[in-house]
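Colleague: Here you go, one structure.
The values are calculated or read from the model by the stated rules, or taken from the named source; none is laboratory data. Treat the numbers as computed from the prediction; the structure is a model and nothing was measured. As a convention, Cβ positions derive from the backbone with ideal geometry for all residues, glycine included, and neighbour counts pool all protein chains shown.
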2 protein chains.
Amino acid sequence: MNANPKFLSANARVDEAAIAPLPNSRKIYVEGSSPDIQVPMREISQSDTPSSFGGEKNPPIFVYDTSGPYTDPNAKIDIRSGLPALRAKWIDDRNDTEALPGLSSAFGRERAADTKTAELRFPGLHRTPRRAKAGKNVTQMHYARQGIITPEMEYISIRENLRREAYIESLRHAGPQGERLAKLMSRQHPGQHFGASIPAEITPEFVRSEIARGRAIIPNNINHPESEPMIIGRNFLVKINANIGNSAVTSSIGEEVDKMTWAIRWGGDTVMDLSTGKHIHETREWIIRNSPVPIGTVPIYQALEKVNGKAEELTWDMFRDTLIEQAEQGVDYFTIHAGVRLPYVPMTANRMTGIVSRGGSIMAKWCLAHHQESFLYTHFEEICEIMKAYDVAFSLGDGLRPGSIYDANDEAQLSELKTLGELTQVAWKHDVQVMIEGPGHVPMQLIKENMDLQLEYCDEAPFYTLGPLTTDIAPGYDHITSGIGAATIGWYGTAMLCYVTPKEHLGLPNKDDVKEGIITYKLAAHAADLAKGHPGAQIRDNALSKARFEFRWEDQFNLGLDPDKAREFHDETLPKDSAKVAHFCSMCGPHFCSMKITQDVRDYAAKQGLTDEAALKQGMEVKAIEFVKSGAEIYQRT
Amino acid sequence: MNANPKFLSANARVDEAAIAPLPNSRKIYVEGSSPDIQVPMREISQSDTPSSFGGEKNPPIFVYDTSGPYTDPNAKIDIRSGLPALRAKWIDDRNDTEALPGLSSAFGRERAADTKTAELRFPGLHRTPRRAKAGKNVTQMHYARQGIITPEMEYISIRENLRREAYIESLRHAGPQGERLAKLMSRQHPGQHFGASIPAEITPEFVRSEIARGRAIIPNNINHPESEPMIIGRNFLVKINANIGNSAVTSSIGEEVDKMTWAIRWGGDTVMDLSTGKHIHETREWIIRNSPVPIGTVPIYQALEKVNGKAEELTWDMFRDTLIEQAEQGVDYFTIHAGVRLPYVPMTANRMTGIVSRGGSIMAKWCLAHHQESFLYTHFEEICEIMKAYDVAFSLGDGLRPGSIYDANDEAQLSELKTLGELTQVAWKHDVQVMIEGPGHVPMQLIKENMDLQLEYCDEAPFYTLGPLTTDIAPGYDHITSGIGAATIGWYGTAMLCYVTPKEHLGLPNKDDVKEGIITYKLAAHAADLAKGHPGAQIRDNALSKARFEFRWEDQFNLGLDPDKAREFHDETLPKDSAKVAHFCSMCGPHFCSMKITQDVRDYAAKQGLTDEAALKQGMEVKAIEFVKSGAEIYQRT
C-alpha cells in the first residue's frame, strides 16, 4: 500500500507484514466469567533444555499482546470491513446508550455527503453512532463509583495478570526439578515503588477501585467497540503510546493504517492519530475501525484545519462540533490543552524554545488575539458533558511543556500543571476519566520533581509523558535520549510513555522508525516495571536469561521484544542453522565460553547427586582437580 | 581494507571514512604553559541567526575531541608509520626511565623473530621499549603524590574546561545583545551530584590532587607516547570506552584498526582491544601505534591462548611475561580479575547465568583445578611492581559480575567488589593507578546500591561500568537497555561507561554497531554530566536548542553527536537544500509551526522596543489583538 501514491478505498489491503504470526508464538484467549470475555495473550513456546544442561521442559510463557486479531490466523482480516465489535454487547447490555439516527456533528454530516472524498472513505461501517441516553453517564469511572464491575474491568484484570499463576504451576509439573524451577523462574528483586500500591494479583475489584479513585483510566469510547480494554495507571503495567499521522507535507491514509497495524504488532498499547493533512476525518475513520487499541487525538488540530490555520478564528462552537464529530467516530481519548491559560503565556517569553506544543501554541495565540481566557478553560464543564456521553477520556495536554533542557521545570510549565490538577477535580466531579500529559525535555536530575508535583497537583491521576528527553545534543537518536528519561519517569510512577522515534525533530517517522520507537519504549516500560517491582515482571527476563545460558538461541530470539532483529544480528556472523544449536557464539568462538565453564561445574554437581553449592564446596577438595582437568579437554583447540 | 580477506602490512591504509573532517568543524589546539602542550578541541562554527529572529552572530562552540590527528587536515596519516610520539619529550624530561636494549618478554622476542607473521607485523616502530630506571616509580599517581604537576595533568586541565570562558567571552562581544546572550547560553540547571566535588574550573592543581587522592586516573603507559592525555574520575567529564577485537571466528587486523579509528572519530575516550584470535600480539601493536586514546586489554585472554585454552595450565610466570610483553607495547590499562577468589566461586552455583565474564570464568576454573587461591590475588604486589615500571593502570575486573537481572547484586558480585576495594589499597600503597570495573545486568532500582558500595569499598577509586543493562528482554537493543543504566550510574558517580553495542549477546560488532554504541554512550555520558551539574555541560544543549528554535537546520545537525545521521533523516522527507533554510519542518509543514508563533510574539516585542515579557503583558491589552490578527496572515493556507 505504501507504493500506492493515491489512496483508494477500493484497493485498500492490510499490510502483509502486520499479519504474520510471531515466531513460535500462538494467540490464546483466556476466558473470563462469561464466554464473551476472551482475553488475548501471546504464548511463546520454548524448546527443552539440552540434555547436557539438565534436559528439563520449559513451559511456554505468556506475554501481553496488543496486536489484536491481526496475529490470529483464525481471524479474517479485511481492513475495508474493520474489526469485529467485541464490546458491542457489553455496551448494549448496560442499556444506558442509544443508537442515534445519524451523525450529530455538522462537519461529520458534511463530510459524509462530500462526493470528492467518496473514493477514499472507509466503506465498512454499517451502524450509526451511539450516545448516552439523556441524563445518563456512560464512563467507566461512573460505573466504578457505583460499585459496578464492568466486563471491561474484568477483562483488564485477566490481561494484567498474564497467566502468571498458570505459568508457575506449569513449571511445578515440568518434571522432577519442578519445584526448584518454579522457585527459580518466579524469583524477582524487590522493587522501589515510590508510593505505588501494586497488589500481588490484579482482581476485577482492584481495577474498579482504581478507576473509581481516578488513579487509572480505561480509554474506550462506546463508539469504538472494536477496542480491547486496557488500563493506564501507576499500579498497573506501564503502557506506551505510538504517535502516527500524516502532515500537509507527507504520507497517505494507507501509510497511516499500515503504521497503526505495525505499531500494535510490536507492542503499542494506544495509538494517537496526529494527522494534520487534508483528510484528517477520513484517515481517522480508517484507523479507528481497524484498531484494537484505544485511539487518541488532538481535536484542536482538526479545528485549526477548519479555520484554514487561523488560530484566532477558532470558536467554542466549532471546537464543540469537532469534539462531537470525533466522539461519534470513536476516539477514546482527547488531548485538550485547557491548561494554557492567558496569564501563563507571558511566562514563556524568556524561554530558549518558546512554546513547542502545537496545541499549546494555537491556544496561546488565540488567548493573545482575543485577550480572553482560553475557551477550553472557560467551557471545560461543557466539554465534560460531551466526554461522559461517549466515555471519552481526557488527556489534559501540556501545552507549555519545555522544548529544550534549558526550559525544563520552569514557571510556565509548572503553572500549567497546577491548572491541570484543578481541571482534574472538575472532570472527576463529572465522573469523567482523566490522564495528564507531561514533558518533554528534562535533564535527569529534574525528572523526579516532575513526577512528584504531578502526583501532588493532580491527585495521582495517571501521568502520560513524552520521553522526557534527557539531553538535546543527539538529533537522530532521540528515541534513546528520551528512552532514558522514559524508563526513569516510568519507575517513579508514570503510567504511560509516549514514544519518541529516531526521526524526532527531523522528519515524520516511517514504518522502521515506528518500530524502533516502539521497541525502545517497550524496553523502557519494562525496565520501569522491574524497577517498581511489578509482580511477575521478571518472568520474561528470567526465561530469556535461562535460554541464553543454555544456548537455546531460537528461544532467546523468540522471547525477546524483536525476534526478527535478534535473529538477523546473530546470523550476520554465524548464519548456519547449526550455529543456533551450538553451545557457543561468535563472540568467544567454539573453544572458549564462560557460560560453558559454569555449566561444567553444574554438570559435575549433578553427577555427584549434590546441590550445586555443595558440589562446588566439594569441588574445592582434591576430587575437583580431577574433574576440572578431565572436563578441560573440551577446550583444546582443534 | 575491510574487503581485503588477508591482511598484509604492505597494503595497510587508513580507513578513508575516519579521516574526513566533520562538517563545519575545525581542529584547534589550545596551547598550555609551554609550546609542546597543544590540547586538541573541535570548534564547530555556526551561521548567524536569521534576521527575522534577531540576526545575531553565533560564535563557534568547542567540544571534546577524541579523534586525534585523524581529523586534522594538516596531519600526515599513514597507519604503517603510526602517530607522532607527542609525549616522548615529557617522558624523557623526567629522566626516570630508560630505553631498553630490546623486548624484555620472552614471548615478545619470540614473536618479533617469527617469520610467519612478518608480513602482517606493524613496520613503523623504530624505538625500543622504555622502563622505569631501577628503583623509580613512573606513575602519574607517584608524581602527583610528590606534588608534581606533569605536562599530562596540565594538558588534561585545559582539555576538560573546553574553552568555556573563551566561548562565553565571545558571546559578550557578539553584538548589542552580547550580555544577554552570554547569560542565556551559559545558564545551566543545578545538578544533583551525590557527593561529587566538581569545581567550577579544572586547574592543573585540581587534576594533580585528584590523581594523588586516587579519585581519578590518567591511563598513559610510557610506551604509548602517541596518546593524548585524558582523565577518568567522578569529578571530571564522564568518559566512555569502546570494545573492539577479533575472535577465533571472525575479523582481521585491518578491520580492528578501522574500528578503532572509527570509534575515536565518534567519541570513544578509550578503546579496549579484546582480541582472542590468532594474532593478538600483532593486532595490538597496530592498534596502539595508531591510537591517540588509551588502550586497555585483558591480558588473561592472551595468556589463555598461550596455553591453548587450558585454563588450568596458566601459571604466574607466563602471565607475568604476558604483562611485560603488553606493557612494553604500550597498553595503558590492564583488566585484572584479581578479585575472583577461590571462596567466591561456590557463591555462583545457584545463579541463573553463572559466571559470564570470560576472565572471571578462566580464573574460577584455575582456582578449582588447583584448589588454590588465584595467582592474580597472591601475586598482586608483584603485578604492582610491573605496573609502576611502565605506568600501566589497573582496571580491576569484575569477574563475578551478574550476567542477568536475576543475578544482580548477589553475594558473589558484592564479595568480589569488597576484595577489589582491598586490592585498591594495595595498589595505592605502590602509587599505582586503579579503576574498578562494574556490572553488567542490574535493574534500575538496584543500580544505586552498586554505586554506593563501590564508593564505600573502593574509597572513590573511579568506577568503570559495562552498562548496566536494565532488562534482559531486548536482544538486538542492548545498547539501549544498557544506555539507560549507563546514564543512571554515570549520574550517581561512575567515571567511565563501557559501551554496549546492538550486537551484544548476538555477535561481534561491525563498524555500524561500533558507531551506534559510541553515540548511545556519548549521549548517556552527557545526560549524566548534565544531571551531575558538570560546569558548562549545558552549553552544547543550549546552542543546539537555539539553532533548533531559529530553524538553523545545518547548525542543528552539526552541533549534534552525529551530523551525518541527522542530515540524512531530515533529507528523507525534505531533501532540498532550500528546506534547510526553511522556517518549518516536515512534521508540521510550512503553514503551521509552534516555534514560529513564539517568534512572532518576540518579533512584536522587539518592534515595540520592549522586553519580551513586557511585550507579552502589553500583548494582553487591546493592541495585541491587532498585532496577532495581522501577523496571523502568514498562516493562511495557499
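Colleague: Kindly indicate whether any position in segment B:313-334 is within 14 Å of chain A (Cβ to nearest Cβ), outside any strand (DSSP E or B) and either under 26 Å from residue B:285 (Cβ atoms) or in contact (Cβ under 8 Å) with a residue 60 or more places away in the chain (or both).
Modeller: yes
Colleague: In segment A:184-211, what residues are part of a loop (DSSP other than H, G, I, E, B) and either more than 14 Å from chain B (Cβ to nearest Cβ) or touching a strand residue (DSSP E or B) at 6+ places or on another chain (Cβ under 7 Å) (or both)?
Modeller: A:197, A:199, A:200, A:201, A:202, A:203
Colleague: Considering each residue of segment B:387-415, count those that are of a type outside the set (Ser, Thr, Tyr), touching a Phe, Trp or Tyr at 6+ places or on another chain (Cβ under 9 Å) and surrounded by fewer than 24 Cβ atoms within 10 Å (Cβ to Cβ), and give that number.
Modeller: Residues in segment B:387-415 being of a type outside the set (Ser, Thr, Tyr), touching a Phe, Trp or Tyr at 6+ places or on another chain (Cβ under 9 Å) and surrounded by fewer than 24 Cβ atoms within 10 Å (Cβ to Cβ): 2 in total.
Colleague: Identify, by number, the condition in (1) within 11 Å of chain B (Cβ to nearest Cβ); (2) over 27 Å from the mean Cα position of the chain (by Cα); (3) not β-branched (Val, Ile, Thr) that residue A:358 doesn't meet.
Modeller: Looking at each condition in turn, residue A:358 falls short on (2).
Colleague: If only one of B:473, B:405, B:436, B:447 is assigned by the TED database to the domain that holds residue B:499 and touching a Lys or Arg at 6+ places or on another chain (Cβ under 7 Å), which one is it?
Modeller: The match here is B:473.
Colleague: Only residues that are within 14 Å of chain A (Cβ to nearest Cβ) and within 28 Å of the chain's Cα centre (by Cα): list them for segment B:385-410, please.
Modeller: Of everything in segment B:385-410, those that are within 14 Å of chain A (Cβ to nearest Cβ) and within 28 Å of the chain's Cα centre (by Cα) turn out to be B:397, B:398, B:399, B:400, B:401, B:402, B:403, B:404, B:405, B:407, B:408, B:409.
Colleague: If you don't mind, there's one more thing I want to ask. Can you tell me which residue is surrounded by the fewest Cβ atoms within 10 Å (Cβ to Cβ) among those in segment B:335-354 that are facing chain A (nearest Cβ under 8 Å) and in a loop (DSSP other than H, G, I, E, B)?
Modeller: B:350
Colleague: Checking the structure you have, find out if any residue of segment A:446-457 is buried (at least 24 other Cβ atoms within 10 Å of the Cβ), within 22 Å of residue A:317 (Cβ to Cβ) and within 14 Å of chain B (Cβ to nearest Cβ).
Modeller: Scanning segment A:446-457, I find no residue that is buried (at least 24 other Cβ atoms within 10 Å of the Cβ), within 22 Å of residue A:317 (Cβ to Cβ) and within 14 Å of chain B (Cβ to nearest Cβ), so the answer is no.
Colleague: Quick one: count up the residues across segment B:505-558 that are facing another protein chain (nearest Cβ under 7 Å), assigned to a loop (DSSP other than H, G, I, E, B) and farther than 19 Å from residue B:468 by Cβ.
Modeller: 2
Colleague: Would you point out which residue out of B:226, B:169, B:179 is touching a residue at least 24 places away in the same chain (Cβ under 8 Å) and either surrounded by fewer than 24 Cβ atoms within 10 Å (Cβ to Cβ) or part of a helix (DSSP H, G or I) (or both)?
Modeller: Answer to the check: B:226.
Colleague: I need the full set of residues from segment A:32-69 which are assigned to a loop (DSSP other than H, G, I, E, B), without any contact (Cβ under 8 Å) to a residue 12 or more places away in the chain and over 14 Å from residue A:174 (Cα atoms), in order please.
Modeller: A:35
Colleague: Could you identify the single residue in B:382, B:460, B:437, B:373 that is more than 9 Å from every other protein chain (Cβ to nearest Cβ) and in a helix (DSSP H, G or I)?
Modeller: None of the others qualify; the one that does is B:382.
Colleague: Applying the selection to segment A:468-501, what residues are more than 8 Å from every other protein chain (Cβ to nearest Cβ), closer than 25 Å to residue B:542 by Cβ and part of a loop (DSSP other than H, G, I, E, B)?
Modeller: Scanning segment A:468-501 gives A:468, A:500, A:501.
Colleague: Tell me, yes or no, whether segment B:80-98 has at least one residue that is assigned to a strand (DSSP E or B) and under 28 Å from residue B:221 (Cα atoms).
Modeller: yes
Colleague: Counting only residues that are among the hydrophobic types (A, V, I, L, M, F, W, C), assigned to a loop (DSSP other than H, G, I, E, B) and buried (at least 21 other Cβ atoms within 10 Å of the Cβ), how many does segment A:116-152 have?
Modeller: Total satisfying the criteria: 2.
Colleague: So, one more: Just one of A:419, A:424 is assigned to a helix (DSSP H, G or I) and under 23 Å from the mean Cα position of the chain (by Cα); which is it?
Modeller: It is A:424.
Colleague: Additional query: Out of A:354, A:309, A:360, which single residue is free of Cβ contacts under 8 Å to residues at least 12 places away in the same chain and out of contact with any strand residue (DSSP E or B) (no Cβ under 9 Å at 6 or more places or on another chain)?
Modeller: A:309
Colleague: Next question. Report, by residue number, each residue of segment A:1-22 that is within 24 Å of the chain's Cα centre (by Cα) and surrounded by 14 or more Cβ atoms within 10 Å (Cβ to Cβ).
Modeller: Within segment A:1-22, A:14, A:15, A:18, A:19, A:21, A:22 qualify.
Colleague: Would you please name the residue that is farthest from residue A:185 (Cα to Cα), looking only at residues in segment A:48-74 that are of a type in the set (Gly, Ala, Ser) and within 29 Å of the chain's Cα centre (by Cα)?
Modeller: A:68
Colleague: Within segment A:560-570, which residues are at the interface with chain B (Cβ under 7 Å from one of its Cβ atoms) and not in a loop (DSSP other than H, G, I, E, B)?
Modeller: If the condition is that a residue be at the interface with chain B (Cβ under 7 Å from one of its Cβ atoms) and not in a loop (DSSP other than H, G, I, E, B), then A:565, A:566, A:569, A:570 are the ones that fit.
Colleague: Quick check, is residue B:156 in a loop (DSSP other than H, G, I, E, B) and over 19 Å from residue B:55 (Cα atoms)?
Modeller: For residue B:156, the condition - in a loop (DSSP other than H, G, I, E, B) and over 19 Å from residue B:55 (Cα atoms) - is not met.
Colleague: Turning to a different aspect of this structure: If you take the residues in segment A:212-223 that are in a loop (DSSP other than H, G, I, E, B) and within 19 Å of the chain's Cα centre (by Cα), which one is farthest from residue A:100 (Cα to Cα)?
Modeller: In this case the residue turns out to be A:215.
Colleague: Name the residues in segment A:244-271 that are surrounded by fewer than 24 Cβ atoms within 10 Å (Cβ to Cβ), within 14 Å of chain B (Cβ to nearest Cβ) and either closer than 20 Å to residue A:105 by Cβ or at pLDDT 95 or above (or both), would you?
Modeller: A:266
Colleague: Checking the structure you have, find out if any residue of segment B:465-477 is more than 22 Å from the chain's Cα centre (by Cα), polar (S, T, N, Q) and surrounded by 24 or more Cβ atoms within 10 Å (Cβ to Cβ).
Modeller: Yes.
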